[in-house]
Structures are given as C-alpha cells and as structure tokens.
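Where a number appears in this text, it was derived from the coordinates with a stated rule and is not lab data. Remember, it's a predicted structure, so these values are computed and weren't measured experimentally. Cβ placement follows ideal geometry from the backbone for every residue including glycine, while neighbour counts extend to all protein chains displayed.
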Amino acid sequence: MVAVPRHPRASGELRAEAGRAGQALTEATGGQDGAWLWDDRLGVLRGYYGVADVVFVGGSLRPYGGHNPLEPAACGAALLMGPHHASQRDAVRELEAAGALCVAGSETEVAAALERLLGDADARASAGRAALGIIEQRRGAARRTVARLVELGLWATS
C-alpha cells in the first residue's frame with residue numbers, strides 16, 4: 001500500500017490521521033510489515049499509478065470534491081472512490097457505468113470493494129481495460145474543441 005498525498009500542505013494532517021488510526025508509515029521502499037509506504041514528493045503520483053493494480057482516488061471520502069479519476073484510469077488501474085466527487089461527476093459517471101470504477105459510500109464499502117478487487121485478478125484486469133476504454137473514447141478533446149471554435153468563427157485558421 002502506498003499513500004501519496006496530493007497536496008503537500010495536507011501531508012502533516014494526513015500523517016497525524018494515519019497515526020490516530022494506528023497505521024504504521026514508512027518512507028523506505030523496503031518497508032516493514034503492515035506499514036504503508038508514504039511518499040509526499042511532488043510529481044510522483046503518475047509513476048505510482050503506472051504500476052498500481054488498484055487506485056483509491058483521494059479527496060472523495062469527505063466533501064472535498066474528489067480528485068481526477070481519469071489520471072489513474074489512463075494507466076489502466078481498477079478504480080475506487082468515495083461518494084464525494086462533485087468536481088469529477090461526469091468522469092465518475094462514465095467510469096462507473098463502464099465497470100472501471102467503484103464508488104464506496106462508507107468504510108465498510110471501501111473495505112469490501114478493496115477485498116473484491118485485490119482478491120480477483122480478473123475483476124481488476126476487466127476494470128483496468130474498461131478504464132482504458134473510457135480514456136480512449138475521451139481522447140482528442142482539444143482537437144474537437146478547436147474544430148468547434150473554428151466552426152463558430154472563434155478560432156483563426158490562418
């Protein structure tokens with residue numbers, strides 16, 4: 001398990017929360033049994049997404065708006081989020097409908113979803129393929145936007 005806080009300013013608060021929950025943390029890659037690898041460096045998240053089988057998308061267990069699930073989806077990971085994802089509503093809806101994302105509303109639901117995904121390689125692979133499928137459908141947004149702006153006469157073509 002790797003914890004990668006998205007915002008450095010939240011790192012101390014999240015470390016304290018993990019400590020209150022009794023969760024051991026380590027910054028060494030060898031780690032210790034049961035400890036989560038903690039990495040709060042900027043710019044490393046995509047690398048972790050690229051090797052992850054399952055990604056829990058943070059900022060979604062409390063009303064913070066949720067982080068972007070399309071980033072780990074583009075890496076082919078099976079996805080899990082909490083119920084607070086207002087800032088990512090459309091992407092969540094698409095990923096969930098495709099079977100790429102599980103939205104869990106409680107600690108019990110998060111645990112059950114993790115147990116299912118971590119215990120079923122076929123389910124993980126299927127969710128990862130579905131995530132990549134959604135990403136492929138969404139590719140080309142900038143090209144489509146420019147084309148539409150040209151149609152409306154709002155983009156210079158020469």
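Numbers for the structure displayed
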read-out	value
Translational diffusion coefficient (Stokes-Einstein; Kirkwood radius from C-alpha pairs) of the stretch 43-151 at 4 °C, 1.567 mPa s, in µm²/s	91
Average Cα contact separation per residue, the stretch 53-113, under 8 Å, 6 or more apart, as relative contact order %	33
Principal-axis tilt of helix 107-119 within the chain, Cα atoms, nearest 10 degrees	80
Distance between modelled label sites at GLU13 and ALA28, nm, 7 Å Cα→Cβ extension	3.1
Pairwise centroid distance, computed over Cα atoms, of the stretch 1-33 with the stretch 73-144, Å	23
Distance histogram in 10 Å bins (all Cα pairs of the stretch 79-121, percent per bin)	29, 54, 17, 0
Dipole magnitude (debye, nearest 20) for the chain, charges at Cβ of Lys, Arg, Asp, Glu	660
Exposure proxy order (Cβ contacts within 10 Å, fewest to most) of SER106, SER158	SER158, SER106
Which of ASP39, ASP122 has the fewest Cβ neighbours within 10 Å, and the rest in rising order	ASP122, ASP39
Span per principal axis, largest first, for the Cα atoms of the stretch 10-107 (Å)	38, 27, 23
Estimated [θ] at 222 nm from DSSP helical runs (n ≥ 4, -39500 (n - 2.57)) normalised by residues in the chain, nearest 500	-14000 deg cm²/dmol
For LEU152, LEU95, LEU70, order by how many other beta-carbon atoms lie within 10 Å, fewest first	LEU152, LEU70, LEU95
Cα-based helix-to-principal-axis angle, 121-138 vs the chain, degrees rounded to 10	30
Rounded FRET efficiency, nearest 0.05, which uses the C-beta distance separating LEU42 from ARG93 and R0 of 41 Å	0.90
